[in-house]
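As structure tokens, the structure follows; a few thoughts come after it.
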Amino acid sequence: MNFSEVFKLSGLLCKFSPDGKYLASCVQYRLVVRDVNTLQILQLYTCLDQIQHIEWSADSLFILCAMYKRGLVQPLDGHMAWSSCPPYVNVEEKPCALWTRFGITFTRDGRYMALAERRDCKDYVSVFVCSDWQLLRHFDTDTQDLAGIEWAPNGCVLAVWDTCLEYKVLLYSLDGRLLSAYCAYEWSLGIKSVAWSPSSQFLAVGSYDGKVRILNHVTWKMITDFEHPATITNPKIVVYKEAEKSPRLALGSLAFPPPRAAAGPLASTESKYEIASVPVALQTLKPVADRANPKIGIGALAFSPDSYFLATRNDNVPNAIWIWDIQKLRLFVVLEQLSPVRSFQWDPQQPRLAICTGGSKVYLWSPAGCVSVQVPGEGDFQVLSLCWHLNGDSLALLSKDHFCLCFLETEAGSVQPSDSWAATGRTCA
């Protein structure tokens with residue numbers, strides 16, 4: 001992997017355009033659009049307030065900037081002056097989409113948009129045709145306090161889920177018909193995360209009880225549930241544990257003061273994965289019972305692009321990533337990191353998972369194995385989030401004040417976790 005550039009930018013908002021040609025990033029109230037290949041700045045916009053969410057249009061022509069504090073969304077032209085767009089849209093009606101990224105969703109082909117709203121203490125969903133923005137359907141949902149909506153990748157079914165205080169998943173057709181309703185249990189904290197498989201055949205529902213339930217697209221009934229035990233005892237499950245060791249230094253090689261590049265706390269350490277022998281006791285976190293949003297349950301989950309694997313994180317086992325074999329409906333691999341997992345994302349083109357833990361390393365897993373790689377550069381680059389390019393040939397790593405765009409290179413044409421990363425780069429203001 002080749003780290004090409006490191007830019008000093010504030011904030012963590014960074015997103016590739018759907019066509020893969022542009023990279024948008026935010027610096028407080030400024031939006032910067034760059035060319036992916038040259039990283040040159042193409043457009044620089046100033047919005048009305050601090051940007052808290054950005055979204056590309058399906059055709060990569062426009063960018064939507066949300067300013068939650070003002071209750072505004074501002075559409076911008078991604079390639080030229082945006083005089084053809086309205087300067088802002090006031091959403092004082094307070095649709096759910098303004099307050100949560102799960103309140104608005106587009107179909108994969110960009111033909112339809114679903115918008116969740118709450119009016120007169122009741123939840124509604126409006127479906128619009130994107131070509132002319134005509135209202136196709138408007139219907140109420142049987143939810144107490146709607147928490148999120150998401151189209152299936154094929155655009156035929158809309159999943160709606162309720163507040164965490166009530167376990168309820170509702171499946172609606174494009175014309176607003178209720179296809180099915182699912183409830184796993186009552187009188188306890190319910191749904192925490194939801195994800196469709198790319199094939200649209202499965203809907204994974206992560207819950208506060210530490211289980212993932214898989215619903216099928218034929219009957220919309222549960223076909224299995226995945227538990228997340230704190231101890232792995234099955235010898236068929238591979239457990240990778242991150243191990244960090246400091247390199248041995250000869251006394252004559254020590255310098256004082258140390259070079260700036262080696263001054264970071266993790267810069268002098270090396271990290272690798274070791275296969276642990278079962279039984280393996282994973283590090284657990286005891287949740288604080290008297291606080292809201294307890295650190296329990298399935299806080300994140302995502303399918304691989306081929307729908308063969310599902311990656312999950314159980315928030316009270318914060319250092320572990322669980323990878324499930326969807327074809328065999330069983331646990332396949334567990335990765336235990338030295339630090340809590342901050343973010344993970346699948347390569348859009350192949351079953352390859354990128355992971356970050358807030359440190360100066362990035363981790364890659366595929367069925368061939370896994371690897372830990374140090375991010376080069378001056379000081380300690382703490383990777384807090386990451387996102388893949390559409391082609392899977394580059395990866396954006398985000399820290400608090402910088403982002404790093406890196407390119408994957410291999411002689412064989414396809415990168416495996418065991419491939420070496422060529423580290424070159426410079427820091428730009």
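Of note:
- Taking Cα centre as origin and charging only the Cβ of basic (Lys, Arg, +1) and acidic (Asp, Glu, -1) residues, the dipole magnitude of the range 344-408 rounds to 160 debye.
- Summed over the residues of the range 112-249 and divided among them, the accessible surface reaches 49 Å² per residue at a probe radius of 1.4 Å.
- Solvent-accessible area per residue for the range 340-403 (1.4 angstrom probe, square angstrom): 32 Å²
- Local net charge near residue 288, Cβ-Cβ under 14 Å (Lys/Arg +1, Asp/Glu -1): +1
- Part-to-part distance (alpha-carbon centres) for the range 167-203 and the range 55-69, which is given in Å: 27 Å
- Phi angles of the range 269-277 translate, via the Karplus equation with coefficients 6.51, -1.76, 1.60 and θ = phi - 60°, into HN-Hα couplings of 10, 10, 10, 8, 9, 10, 7, 8, 8 Hz per residue; Gly and Pro are given as x.
The values are calculated or read from the model by the stated rules, or taken from the named source; none is laboratory data. What you see is a predicted model; the values in this text were computed from it and never measured. Note that each Cβ is placed from the backbone with ideal geometry, even for glycine, and that neighbours are counted across all protein chains shown. Only protein heavy atoms, including side chains, enter the accessible area calculation; ligands, DNA and RNA are left aside. Shrake-Rupley method; radii C 1.70, N 1.55, O 1.52, S 1.80 Å.
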